[in-house]
1. What are the residue pairs meeting all of these: first residue in segment 14-27, first residue of a type outside the set (Val, Ile, Thr), second residue surrounded by 11 or more Cβ atoms within 10 Å (Cβ to Cβ) and part of a loop (DSSP other than H, G, I, E, B), Cβ atoms under 9 Å, and 6 or more apart or on different chains?
2. I'd like the full set of residues that are of a type in the set (D, E, K, R), more than 10 Å from the chain's Cα centre (by Cα) and farther than 21 Å from ASN7 by Cβ, limited to segment 17-52.
3. Filter segment 52-80 for residues that are open to solvent by 40 Å² or more (accessible area, probe 1.4 Å) and not polar (S, T, N, Q) and give the result.
4. Can you tell me how many residues within segment 28-50 are among the acidic types (Asp, Glu) and in contact (Cβ under 8 Å) with a residue 12 or more places away in the chain?
5. As an exercise: evaluate ILE41 against (1) of a type in the set (A, V, I, L, M, F, W, C); (2) touching a Lys or Arg at 6+ places or on another chain (Cβ under 8 Å); (3) modelled with pLDDT of 95 or more and give the number of the one condition it does not meet.
Amino acid sequence: IYTEEGNEACTQAFQNIYNTIWEDKFITESELKKLIKEQIIQVASVHPEVHDTEPEWHFVDRINSSLKTRGYNYEINRGDL
């Protein structure tokens, strides 16, 4: 079920992940996956729809695009959410 509040929570979670990817310090794959899980758990506590197919697809697509643009040599998948 789409809600504006859920969408805003997802946007903020992605922004937190994005900001970490673009920090000066390199983030390892395991550190990033831990951060992603923490962010998704936080959103899901109020908005369980974050685990629907479309939000998960958007997270994976946007995170992987950010990683590629920043020059990282790894990607994530839906299992990392």
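1. PHE26/TYR72
2. If the condition is that a residue be of a type in the set (D, E, K, R), more than 10 Å from the chain's Cα centre (by Cα) and farther than 21 Å from ASN7 by Cβ, then GLU23, ASP24, LYS25, GLU29, GLU31, LYS34 are the ones that fit.
3. Of everything in segment 52-80, those that are open to solvent by 40 Å² or more (accessible area, probe 1.4 Å) and not polar (S, T, N, Q) turn out to be ASP52, GLU54, TRP57, HIS58, ASP61, ARG62, LYS68, ARG70, GLY71, GLU75, ARG78, GLY79.
4. The number of residues fulfilling the criteria is 2.
5. (2)
The values are calculated or read from the model by the stated rules, or taken from the named source; none is laboratory data. Computed from a predicted structure; not experimentally measured. When we count neighbours, we look across all protein chains shown, and the Cβ atoms used for this are built from the backbone with ideal geometry, even at glycine. Each accessible area value is taken on the protein alone, full model and side chains, heavy atoms only, with ligands, DNA and RNA left out. Shrake-Rupley method; radii C 1.70, N 1.55, O 1.52, S 1.80 Å.
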